[in-house]
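The values are calculated or read from the model by the stated rules, or taken from the named source; none is laboratory data. On a predicted model such as this, the values are computed, not experimentally measured, just so you know. Positions of Cβ are backbone-derived with ideal geometry, glycine not excepted, and every protein chain shown enters the neighbour counts.
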Amino acid sequence: MSPPFSILRRDTTPTAWIILWFLTAASAPCQSYVEAEDYDAASPFAPLVVQTDALASGGEYIMYGSGSVVTTMTAATAGQAWYSFEVPADGTLTIWARTIFIDNSANSAWVKVDGLGDYQQFTYAENSRWGWRRCLTYPNVTAGTYRLMVGRRETEARFDAFYMTMGDERPIECKGLTPGQSIEAEAFLVGAAFSPLAIQGDPEALGGSYVVWPGSGGVNNDTSDAATGRARYGFGLLESADVDLWARVNAPLIDDNEFYYRLDGAAFSIADVETGATWNWVKLTTFAAVSPGLHYLEILRREDGVAIDALYVCNDGSAPYTRHFAIQAEAYENSAQRAPLAPAAELEASCGGFVSWPTTGNSDATPDDTDPGQAHYTLTLVKTGVWRIQARVNQPSADDDLFHWKLEGHNGWQSVSGVTAGYEWITLMDETVTAGSYTFKFLKGDDGMKFDALFICNDASAPPSVATTGLAPGAFFVVPPPVGNDANPGTASLP
């Protein structure tokens, strides 16, 4: 199946697009992605340079390494990266950039789409972590071939990738603490020959959808690279590890229980699963000593009728979870009440970030629904039972230790205080809750208190360790990957 929105790449070998770990999902309309280092050959690139970073998509990014600030930009100015792409239909074009701007004197570049306007200064406040930022928006764009032009302005401004869309979608980072990651089967990478596989609905499937080869009695024995009915998924490793692969499947009949799978273009293996007419997680294999870097999994149809709902990879021997999950504090939902809470970066925080009230000497001792400084998170509790909610916090002193919280629809505002020795997990509740969707609300108390993450479970699980190695942050795509929109920019990846 071909992408609905095409990038005209300098390198069009299969390897180039297989490893694009934030590449567009097939279900998302008219959008695509390109690595910053894959600029057009005609670009006047120098003195821009390509650098390496394990957390950059593809392991590389571009930057303006040294020199003075470039105060004006023309098409003839040296130090530009150009990217040709096709707009398939008339509409509004939005371009996002994955960047790091390490300080406020290294946080700008010149950008434009040729033929749609003049160069604009693209700038964001400093941020020490990779993240997606809206770069350009053009209404009333007609279908055709265009060129994104990115020019140097301040040194050290770093670009990892660009994402183009004709809708309101936006790319988002996958945030999570667990060394295992799950992905919906329908969230496959654009590019593989997906048909005759199809996406169908089932309220018992995670996300409400699954992938299946519809039919009765069909068998496919073609495992060549030209075979159809394939779906690919990307993930990343920061260090060499044994990686377990699981699949959530529904295979009701003995003649409808097989499909192929493989890692990184190796020979296909047959998954022979017998689960009955219900959804179950099945461990398919352990891939030994998988190297650091980006990898892809591929499934291929064999017998029609076997339904595949999700995949799960891990490097710690864990099983897929359906009754516990973690959410990063900085993965809050958009809310008019969030300010003055703000995200900040710190190496000791999980995924390198936390949320705090960035002032000195202020306190909000009495919680109220109308108070500003709230961070909201949607929790889907899959069954009625005893649910434990824990928070990872840093309460450094008696003047910086207060915060408030509540689970909307279950309880009222609760106040928590007490000094911690750095970041610690503390239990907020251990109570019977009816299955359903809830909003967890965090409210500022003392400024200086740091809110890092939530962990929610009903199976007595312990919060996962916060490790600097293992599966790379963003290893799997957020579902539906990798898009959200301005009203809902995306939260942690949930199974």
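Tell me, please, whether a residue that is of a type in the set (Lys, Arg) and modelled with pLDDT under 95 can be found in the range 225-239. Yes, the conditions are met somewhere in the range 225-239. The condition (being of a type in the set (Ser, Thr, Tyr) and in contact with a helix residue (DSSP H, G or I) (Cβ under 8 Å, 6 or more places away or on another chain)) is satisfied by just one residue among THR99, THR123, THR74, THR52: THR52. Is it the case, given these coordinates, that TYR163 is farther than 15 Å from TYR33 by Cβ and in the same structural domain as THR77 (by TED's automatic domain parsing)? No.
A quick yes/no check of all residues on (1) in a strand (DSSP E or B); (2) closer than 17 Å to LEU48 by Cβ:
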{"site": "LYS112", "(1), (2)": "yes, yes"}
{"site": "GLY115", "(1), (2)": "no, no"}
{"site": "ASP118", "(1), (2)": "no, no"}
{"site": "PHE122", "(1), (2)": "yes, yes"}
{"site": "GLY131", "(1), (2)": "yes, no"}
{"site": "ARG134", "(1), (2)": "yes, no"}
{"site": "PRO139", "(1), (2)": "yes, no"}
{"site": "ARG147", "(1), (2)": "yes, yes"}
{"site": "VAL150", "(1), (2)": "yes, yes"}
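Scanning the range 280-316 for residues being of a type in the set (Phe, Trp, Tyr) and without any contact (Cβ under 8 Å) to a residue 60 or more places away in the chain gives a total of 2. Are any of the residues in the range 421-441 of a type in the set (Asp, Glu) and within 22 Å of SER335 (Cα to Cα)? So far as the range 421-441 goes, no, none of its residues is of a type in the set (Asp, Glu) and within 22 Å of SER335 (Cα to Cα).
Against the condition without any contact (Cβ under 8 Å) to a residue 12 or more places away in the chain and either closer than 29 Å to ALA342 by Cβ or surrounded by fewer than 15 Cβ atoms within 10 Å (Cβ to Cβ) (or both), how does ASP118 come out, does it pass? Yes; evaluated as a whole, the condition is true for this residue.
Each residue in the range 393-420 was checked for being closer than 19 Å to SER335 by Cα and crowded, with 18+ Cβ neighbours inside 10 Å, and 5 pass. In the condition set (1) touching a residue at least 60 places away in the same chain (Cβ under 8 Å); (2) not in a loop (DSSP other than H, G, I, E, B), ALA75 is compliant with all but (2).
Regarding PHE325, is this residue at pLDDT below 80, farther than 30 Å from TRP213 by Cα and outside any loop (DSSP other than H, G, I, E, B)? The answer is yes for PHE325.
Scanning the range 209-247 for residues that are small (Gly, Ala, Ser), surrounded by 13 or more Cβ atoms within 10 Å (Cβ to Cβ) and outside any strand (DSSP E or B) turns up GLY215, GLY218, ALA227, GLY229, SER240. Against the test of being under 30 Å from GLU346 (Cβ atoms), surrounded by fewer than 22 Cβ atoms within 10 Å (Cβ to Cβ) and not assigned by TED's automatic domain parsing to the domain that holds GLU330, the options SER57, SER84, SER68, SER105 yield a single qualifying residue, SER105. ALA391 meets the conditions (1) outside any loop (DSSP other than H, G, I, E, B); (2) modelled with pLDDT under 95 in every case but one. The failed one is (2). For ALA271, the test of being touching a strand residue (DSSP E or B) at 6+ places or on another chain (Cβ under 8 Å), assigned by TED's automatic domain parsing to the domain that holds ARG230 and not polar (S, T, N, Q) is passed. The residue list SER195, SER182 contains one member that is modelled with pLDDT of 70 or more and part of a loop (DSSP other than H, G, I, E, B), which is SER195. Looking at the range 409-423 only, could you name the residues that are modelled with pLDDT of 95 or more and in a strand (DSSP E or B)? Of everything in the range 409-423, those that are modelled with pLDDT of 95 or more and in a strand (DSSP E or B) turn out to be GLN414, SER415, VAL416. Scanning the range 375-408 for residues that are touching a Phe, Trp or Tyr at 6+ places or on another chain (Cβ under 7 Å), more than 16 Å from THR427 (Cα to Cα) and not acidic (Asp, Glu) returns ALA375, HIS376, TYR377, LEU379, LEU381.
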